[in-house]
Structure formats: structure tokens, C-alpha cells
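Take a look at the structure set out below.
The values are calculated or read from the model by the stated rules, or taken from the named source; none is laboratory data. Fair warning: this is a prediction, and the values are worked out from it, not measured in the lab. No Cβ is skipped: glycine too gets one built from the backbone with ideal geometry, and neighbour counts run over all protein chains shown. Accessible surface areas use protein heavy atoms only, side chains included; no ligands, DNA or RNA. Shrake-Rupley method; radii C 1.70, N 1.55, O 1.52, S 1.80 Å.
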Amino acid sequence: MLTNNARELLTAIVGKENVETSQASKLVYSFDATPQFQAMPDAIVSPRSASEVAQVVKWCNEQEIPVVPRGSGTNLSAGTTPLQGGIVLLMKHLDKILEIDEENLTVTAQPGVNTLELMEAVEAKGLFYPPDPSSMKISQIGGNINENSGGLRGLKYGVTRDYVLGLEVVLPNGEKIRTGGKLAKDVAGYDLTRLFVGSEGTLGIITEATLKLIPMPETKKTVLALYEDMEAAARTVSKIIASKIIPSTLEFLDQPTVKVVEDFSKIGLPTHAKAVLLIEQDGDAAVVEKDIARILSICEENQAIEVSMAASEAEAEALRTARRSALSALARLKPTTILEDATVPRSEIANMVYAINQIAEKHQVEICTFGHAGDGNLHPTCLTDARDKEEMERVEQAFEEIFTTAVALGGTITGEHGVGAMKAPYLHLKLGEAGVEAMRSIKQAFDPKNIMNPGKMFANENRKRVVVKQ
Amino acid sequence: MKTVEKQRIQQQFQEKMDYDELLNCMRCGFCLPSCPTYIESGKDEAHSPRGRIALMKAVVDGEIEPDEDVKRSLDMCLGCRACEPVCPSGVNYGHLLEQARDIIYQNQKQSLPVQAVRKAAFQGLFPHQQRMIGLTGLIGFYQRSGLRTVARKSGMMKLLPESMQLMERVLPDVPTSKSMKQRPRHLRPAVPVKKRVAFFAGCLMDTVFLPTNEATTKLLQYVGCEIVVPEAQACCGALHGHSGEKQQAKSMAKRNIAAFEAAEIDYIITNAGGCGAFLVDYSHLLKDEPEWKDRAEVFSSKIKDISSVLVELGFDKFSLSLQDEIITYQDSCHLKNVQKTFMEPRKLLSSIEGAQYVEMKDAGRCCGSAGIYNLVETEMSMQILDYKMEQTKATKAKTIVTANPGCLLQMKLGIEKEGLSDQMRAVHIVDLLLEAYENANPPA
Ligand SMILES: Cc1cc2nc3c(=O)[nH]c(=O)nc-3n(C[C@H](O)[C@H](O)[C@H](O)COP(=O)(O)OP(=O)(O)OC[C@H]3O[C@@H](n4cnc5c(N)ncnc54)[C@H](O)[C@@H]3O)c2cc1C
Ligand code: SF4
Ligand code: SF4
């Protein structure tokens, strides 16, 4: 509970209409897109400028009140659940694109700018901002940076990290710093920009970002390849990469996923195939032509039962949009949808798909798989019912095995969704205890009072992941 | 709100809310960019579909009480259901909202004036077509007798809230009582019969908007429909259903089902998006009443919007023309989001020669009319309308076409509010189609 005095102080900084303490407001900011995690904050505060952010954070630091920065709340790792109460800090007023610099090919924006809006704004000038998480219509740039989000174009163009050139950050002590800038090269000191990317709101509040842009590719072609068995599809993925072709998109969907996505999108997806690959290449017309021809023959060599090309950009966009709805569409099947983010080196994708199927069978749980196959980043998604405690135990075990397998194959526990509270208990699997300790000491240096998004990234005790309800 | 009230509401939430449907929301937020109240509130989760569903669930789970803020969040919802078609998980938000509102209204004491208005409208007026005719007759008297002129000149209107004042200005000149009472019950086309249809006349449409109903039956005749207009039909009950008067809505649904099942017909035609969607939902409304469930399903499966049947029977191939002008279309939320009819009106409008169809930005976003929303949530409604008018102005259209009486009045209000009455008009799609038809095929 916030004292009256505290409320007044916050009101004095951001104005009355930007401090919410009603029960209803607290509830609607008590969760994000992660199932099974919920915790009530004490207040929701929406600063109108970076300097108001600094004042609020400084005061919270003095009072040791937790601060949970929040974009659009679409993260999938319980990154914005206010586990220890405190203040949810909304970025909704910091929503301006400040500059599109066509000479340096950069865009500078506030954190609350919607991802898709930013993309469209730069595209209107013939420029291209590639990181496109499936949630881009909803998510904010600040959220993308803090989760280091990837997307359908990650294979060729990389993830958010590869486009962040400079940041303005409010540190927990209320100091504002600038890292990097519009520079192609910069080695002055530690690379703090990279440190803040993917920091999940645990080190400071990002109040401005300068992002790299590239020229818009000339053309793009889109292919759909259908398979009778999942592993043949996975083999195709490895083969394409091994043939030294880097498509812009290489997505994998299994049959149950295709079925629910078709249920929603009704665009005539092939629900009879056991697995589907969505492949795209962009660039100069001649190169695209050549790569696509090669990709088509690799698909056929690897037992694709049907390969077709999108007839128009509208058709291709419909396919991409359908793919982006996969996770939410799966949710229509069962009350609880728990998705994972295990990632392996690209060459191991077929092994990973095989292992997931084995693990699902062993524990008798229903797992559908889709994901950024070209990145080695799969999203095995378990369809279950949180009310069934016995089944949830099995789900827990199955995911634990999936993590261990991924790490054993040289992979990681999360490719793009972040650690948050959800995967904190597993961080050591990837980093080892010494690795976790090294990170902890960084956190300690920036945020000695542990006010920034506490309970995320580092697990306090050994609690279970999916069965928890805070 | 009193503690006992809250407890009763909470208990009924636990008993009556569809928990599986609440769980079906996986909280992805895909619906947020489509929700007008989320956008206009400056991105407040409490005014988003995801937030509202979470609030309903939290009340069921006993995590929070159904207090004024929870009620406020639900009251602010337009019920436009734009959140449904964009939800990959297929959450039936409209049904959840209806159930929640029903529980709250049935258990909460309302202020006396609100109670009186609701009672008069929901029980005294809409269920009785004769009284609708009577009231419309009174409005007609007001408009024709000179009383209107007096009222406007004397400044008396200033005593009404702004939205009411504007409403008074934009209400069309209503038909005489005599013409409202003498409605035809059976019409044959001059051309060979292609379909037999029943016409759902609607309470408002058959009184205040009578000429639009007449235009509708004319168009149906042109495309070869034999039409019956069952006399025993009643108001669709949408206003009741959406305002937490479910019992009333159910009894009207039953009356309509009985009235229409006697006729041997291919379709039941509506020309009001809001009514049509509610008629489609009868099968859900009566799902727990075994003796009505199947009958309701048959009824619902026959509902078709006028624009949809016109396209099916090739009206867009007829010669249609207008003077050189730009026209634009404002979707009826329920026609689009529930009946999934949005291509057909555009197809029809694009087939009019001389007129240039220009799509406005966010044509599918609610205009803020939403039943009686514009009267009870005037501020938000006007904010939404202002955005809408910006988009319509950007098209440079002279004519804004709508497909539902509420939208039509709201767009007229928008035009009046912007002071554009001499350059812009709002019409119902059938009126414009008839105009275009008669323009191209002048009566001999
Ligand atoms: C259906 C669906 C599909 C998705 N698809 C993808 C995908 O393809 N790829 C992918 O990578 N992710 C995906 N995600 C996950 C999620 O959308 C991304 O992590 C996204 O970047 C989160 O953005 P947001 O604005 O919602 O941030 P939030 O969820 O609000 O916040 C994310 C994190 O950033 C922190 N944060 C936010 N703003 C700031 C700030 N200004 N300063 C400091 N910290 C801040 C928060 O504290 C939190 O830790 C998907 C999610 C859903 C629901
Ligand atoms: S209603 Fe649908 S789109 Fe909206 S948050 Fe829930 S699941 Fe996602
Ligand atoms: S019905 Fe309309 S206003 Fe209500 S939550 Fe859905 S989109 Fe928003």
C-alpha cells in the first residue's frame, strides 16, 4: 500500500491523472502475456518526460520502492509482473518518434513508440527496420529492446540488439546517462548499450533509443513447403543453411498449429500436411530469383510433398500475419497455453524437433511446435489446463527435459522471450553458477537496493516454474 | 455500491460467468490496437478488452470486489466487438460482456432517474410497437406543428445536455402515424421470384426510419424476392440485451422466433446491423432453454443483411448511377464483427457509376453511437466521433454511407457538430442504392 504522503509526492511529479491506485487499475497491470503469473502493484505511474522518469525513480530508490517498467505487457517471461508490489511505470506518454536521420540512416525514438508504427514511419522514407516480433502491432520499442526481441526476419537480419546504436537511460539513482550514439564505430569504454539491451528492466529505464536503419530490400519472394513428416521439414532447414543460403525468413509450423491458425485466419492453409515451412528471400531481384530456385529444389530433394509460391504481396502478407497469430491461436484449444523458447544451433534443429516429440510422448503431454526454425529457435507450446495439478506436474517435467536437451545440444533456455520470473530458476542451466554470480554483481553495481524489477532474472529460491501462482 | 450488492454480484459472477471462456483469453494483447476505448483513453488497460476480461475473471476468482471502478470499466465498453475478429484465440467477448452487465444491472440499485428512464424505455416502450408508433407520432407532431421552431428559437433546447440537443437536430422528419400503421404484409416482385424472404422490420426502422424500410423492400423486389413481413414480430431486443436486461431480451427473442417460423422462407432480411447481429445471437441467448435452443438456431441461421442478399442476387450488376461525387462507408460494428458482412456494402457502393468510392481510414472502427452509449457516455462517445469525423473529412466525401440506424444518427450528429450540414450528408445504404437505381432507371 502506498501511503497518502507517497501518493501526493508522485502526484506532484507526474500530475493527478497519471497516478492510479484503484483496485481495478492495479489488477489490470498485475499480469502480462505469461500464464500463471500475477501480482498486484501498489500504484501505476505514467511519467510524461524523461525527467519525470528520473524524479520518480530517484524517489523510489530513496524509499526502496520497487519499480516495474512496462511497455505493452506482451512479454512471455513474466517480465512485468510486479512480484514484490511497488510501482508499475508506464511508458505510454513517451511515445514520440523524435527523428529519422536519412543521412546517417538512424531513427531516434522514445521507448513507448509502437514497433509497427516505427517500422511504417521509416518505410515511408524507403528505409527498413527489420526486427519484427510477432507482437509488433502491440509491442513497444522499449519492450523490444529490454527483451532483445527477435522475429520472422531474424535469420538474415538479426534481432533487436543488432539495431540499437545508442540509448538514454535513467539509472536507479535517478542519474540520466547516454550510451553509444549515431556512430558506426565507438570503443570508448564498456559497451553499455549492449548491456542494457535485453536487461529486462532490471538495470534502468530506457527513455530514448537511437536505432540503426538499412535500405529497403528491392524485392521479396515467399514460398510455402509442405511435408509428410516433421523431421523432413527440419532437415530441409539445416540443408538450406548448409547450402550457404540465408533466407530472410524460415519458419516452421507443425500440423496442429497450422490447423488452429487456419481456424482463425481462414486463408486456406494446407491443414493436411504434417509440417509446413514458410520461407522468404529478399534482396536484389537476380539474387532472390537464384536463391529461391535453389531453395525450391532443396525442399523437393528433402521430400516436400508440395511447394508453392505466393502469387502476390497481399498473399504473402496474409501468410506472415497468419504465422504471427500462431501462439494466440493455439490458446483456443485448451484453457492454459504454456510456450517455450528453447533455442539450439541451426544444425541441431532436426534433433531438437525429434527430442521434443519424444519428450511429449514420454510425459503424455500435448505439445505443438512452431517457430523461427532458421534461427534454431523453436516454440514448443504445451496445451494444458492449470486446474489439473497432476498434468501440470508432468508439463513441468517435460519442459525441464526440453531445457536440458537444448543446452546439451549447445543451445539455450530462451532465444528471444527473456528470463523474467518465469525462467529465472533455470538461468544457471545455461550460465553455470559462476555465470549467474557475474551477472548478479553487475546488477548489484547498478541497482544496490534492488528496486528495478525485483524478482526477475535471478531466482531467489528453488521454486517451480509453471505451477507457481504468485 | 453497498457491500451486500457487491457480495451478491460477486456470487452471481461465480455462478453464471462462463469460466472456460474467461480462461480462453491468453492475455496476448492482440485485441488492444482494435479497441476504440483503449485508444481514446490514452492506452489504459482498464479500458481494453484484455483488461475487462481480466477484471471479470478476478471477480469470479474472488481476487477483487466488483466495485465502482470495475463497473466503470464495463460501462465504458462500447460493446462494438471489434476485439472479437482480431482475437486469434477466438474469445467470445460479447457474450462475456452481456452476462457481466446483466448480473450487475440486476443486482445494483440505480439512481431513481436512471431507473425511470430505463424502465420506461426497456419495458414500457421498445417491446410495444404500438407505443413506438405513438411516440414517433408525438415527435412528428413536435416537428410539424411549429413547436420545434418555437423550441429552437426560444433557447429552450439549451436546457438539454449537449448530446440531446444535437440529437434533436439530427432526428429525421418522421413519418405520420397513419403511414406507420398501414404497413404491407406481403409483397411480390415484378420479375420472376428467385428467393422467398421474410423482412425483419425493426422497431426504430419501421417508425422513425420508415422510408428506409420502404426502400429496402423495393430493392428486394427489384432483385426478385417475394417478401413476407410477419405481423407478430417485435423489436429484436438488442438494446435490452446489451444493457443488462436479459430477461426482456429473451422474451422478445421467443416472440420473434415464433413469428418467423411460420413462414416458409430462404432468409430473414434485416437492414440494421445492430439488430441483425442480435438476431444471429438468439441461438446463444436461448442456449439454456431446451425447448427453444433448436428453434433459435434455425432462426439465426436464416438471418442475412440486405447488402449481402443484394450481392448474392446480382444487384451490383444493375445499372446504378449518381452525380459525380465521392462516397465513403462507415461500417456498422455488429454487421462487420458479428455478421462478418463488410465486403458486400463496399462492392455495392463501388458499382455505382459516377460516384467514386473512397475508403476512409479505420472505417471499421466504432463511430461511438453504440446503442444508447452516446447518451450515457457522452464524453467518450464524442471523442470517438471527433476522430471519425477527421477520417471522413480526409476522404473529401459528400456522402457518408451507413448500415444501421444508430450509426446513421451518429454520423448526422457528427456532420452537424462540425458545421458541415451544407456539404456533407449521411445516408443509409439502401436509400443511396435506391437513389442510384432510380437515377439510372428513371420510372417511365
Ligand atoms: C502472441 C505473441 C507473440 C510474440 N512473438 C514474439 C516474437 O516473435 N519474438 C519475440 O522476441 N517476442 C515475441 N513475443 C514476446 C513480446 O511481445 C516481446 O518480448 C516484446 O518485445 C515485449 O514488448 P512490450 O512492449 O509488450 O514489453 P513489456 O512486456 O511491457 O516489457 C518487456 C520487458 O521490458 C521491460 N521494459 C519495457 N519498457 C521498458 C523501458 N522503457 N525501460 C526499461 N525496461 C522496460 C519490462 O520491465 C519487461 O521486463 C510475443 C508475445 C506474444 C503475446
Ligand atoms: S481477448 Fe483474445 S486477443 Fe485479447 S488478450 Fe485475450 S486472447 Fe489475446
Ligand atoms: S467491445 Fe469494443 S469497446 Fe468493448 S472491449 Fe471490445 S473493442 Fe473495446
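Below, the figures for the structure above:
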| quantity | calculated |
| --- | --- |
| A:Phe264 touching a residue at least 12 places away in the same chain (Cβ under 8 Å) and under 18 Å from the mean Cα position of the chain (by Cα) | no |
| Given (1) of a type outside the set (A, V, I, L, M); (2) within 11 Å of chain A (Cβ to nearest Cβ); (3) under 25 Å from the mean Cα position of the chain (by Cα); (4) not in a loop (DSSP other than H, G, I, E, B), number of the condition B:Cys87 does not satisfy | (4) |
| Positions within the stretch B:40-60 being more than 9 Å from ligand 3 (Cβ to nearest atom) and either among the aliphatic types (A, V, I, L, M) or in contact with a Phe, Trp or Tyr (Cβ under 9 Å, 6 or more places away or on another chain) (or both), in sequence order | B:Glu40, B:Asp44, B:Glu45, B:Ala46, B:Ala54, B:Leu55, B:Met56, B:Lys57, B:Ala58, B:Val59, B:Val60 |
| Count of residues meeting criterion [part of a loop (DSSP other than H, G, I, E, B) and under 18 Å from the mean Cα position of the chain (by Cα)] in the stretch A:304-330 | 1 |
| Set A:Asp32, A:Asp42: member being more than 11 Å from chain B (Cβ to nearest Cβ), among the charged types (D, E, K, R), open to solvent by less than 50 Å² (accessible area, probe 1.4 Å) and closer than 27 Å to B:Cys25 by Cα | A:Asp42 |
| Residue check, B:Lys336 basic (Lys, Arg), open to solvent by 40 Å² or more (accessible area, probe 1.4 Å) and not in a helix (DSSP H, G or I) | no |
| Residue selected from the stretch A:50-68 under the condition more than 13 Å from ligand 1 (Cβ to nearest atom) and part of a loop (DSSP other than H, G, I, E, B), by the criterion surrounded by the fewest Cβ atoms within 10 Å (Cβ to Cβ) | A:Glu64 |
| Index of the failed condition, A:Pro270 passing every other in (1) on the phi > 0 side of the Ramachandran plot; (2) open to solvent by less than 70 Å² (accessible area, probe 1.4 Å) | (1) |
| Single residue of the stretch B:90-103 satisfying the filter (surrounded by 23 or more Cβ atoms within 10 Å (Cβ to Cβ) and within 14 Å of chain A (Cβ to nearest Cβ)) that is nearest to ligand 3 (Cβ to nearest atom) | B:Tyr93 |
| Number of the condition not met by A:Val88 [criteria: (1) at pLDDT 95 or above; (2) outside any strand (DSSP E or B); (3) within 13 Å of chain B (Cβ to nearest Cβ); (4) under 26 Å from A:Thr414 (Cβ atoms)] | (2) |
| Odd one out for B:Ile400 among (1) without any contact (Cβ under 8 Å) to a residue 60 or more places away in the chain; (2) buried (at least 17 other Cβ atoms within 10 Å of the Cβ) | (1) |
| Identity of the residue in the stretch B:7-60, of a type in the set (D, E, K, R), surrounded by fewer than 24 Cβ atoms within 10 Å (Cβ to Cβ) and more than 16 Å from ligand 1 (Cβ to nearest atom), that ends up nearest to B:Ser89 (Cα to Cα) | B:Glu21 |
| Single residue of the stretch B:1-58 satisfying the filter (more than 8 Å from chain A (Cβ to nearest Cβ) and small (Gly, Ala, Ser)) that is farthest from A:Val45 (Cα to Cα) | B:Ser34 |
| Residue in the stretch B:420-438 that is open to solvent by less than 60 Å² (accessible area, probe 1.4 Å), in a helix (DSSP H, G or I) and at pLDDT below 95 present | no |
| Search result, residues across the stretch B:399-419 that are in contact with a helix residue (DSSP H, G or I) (Cβ under 7 Å, 6 or more places away or on another chain) and either of a type in the set (Lys, Arg) or assigned to a loop (DSSP other than H, G, I, E, B) (or both) | B:Ala403, B:Asn404, B:Lys412, B:Lys417, B:Glu418 |
| Residues located in the stretch B:16-75, provided they are within 15 Å of ligand 2 (Cβ to nearest atom), under 14 Å from B:Ala100 (Cβ atoms) and free of Cβ contacts under 8 Å to residues at least 12 places away in the same chain | B:Ala58 |
| Only one of B:Glu359, B:Glu379, B:Glu353 that is without any contact (Cβ under 8 Å) to a residue 24 or more places away in the chain and either among the β-branched types (Val, Ile, Thr) or assigned by TED's automatic domain parsing to the domain that holds B:Lys417 (or both) | B:Glu379 |
| Some residue of the stretch A:69-81 being open to solvent by 10 Å² or more (accessible area, probe 1.4 Å) and more than 24 Å from the chain's Cα centre (by Cα) | no |
| Residue within the stretch A:20-28 that is within 16 Å of ligand 2 (Cβ to nearest atom) and within 14 Å of another protein chain (Cβ to nearest Cβ) present | yes |
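Yes/no matrix, rows are residues, columns are (1) under 17 Å from B:Ala370 (Cβ atoms); (2) of a type outside the set (A, V, I, L, M, F, W, C); (3) part of a helix (DSSP H, G or I):
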site: B:Glu21; (1), (2), (3): no, yes, yes
site: B:Pro66; (1), (2), (3): no, yes, no
site: B:Asp75; (1), (2), (3): yes, yes, yes
site: B:Cys83; (1), (2), (3): yes, no, no
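Conditions tested, residue by residue: (1) buried (at least 17 other Cβ atoms within 10 Å of the Cβ); (2) part of a helix (DSSP H, G or I); (3) not polar (S, T, N, Q).
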| position | (1), (2), (3) |
| --- | --- |
| A:Pro133 | yes, no, yes |
| A:Asn144 | yes, yes, no |
| A:Leu152 | yes, no, yes |
| A:Leu155 | yes, yes, yes |
| A:Leu167 | yes, no, yes |
| A:Arg178 | no, no, yes |
| A:Leu183 | no, no, yes |
| A:Ala188 | no, no, yes |
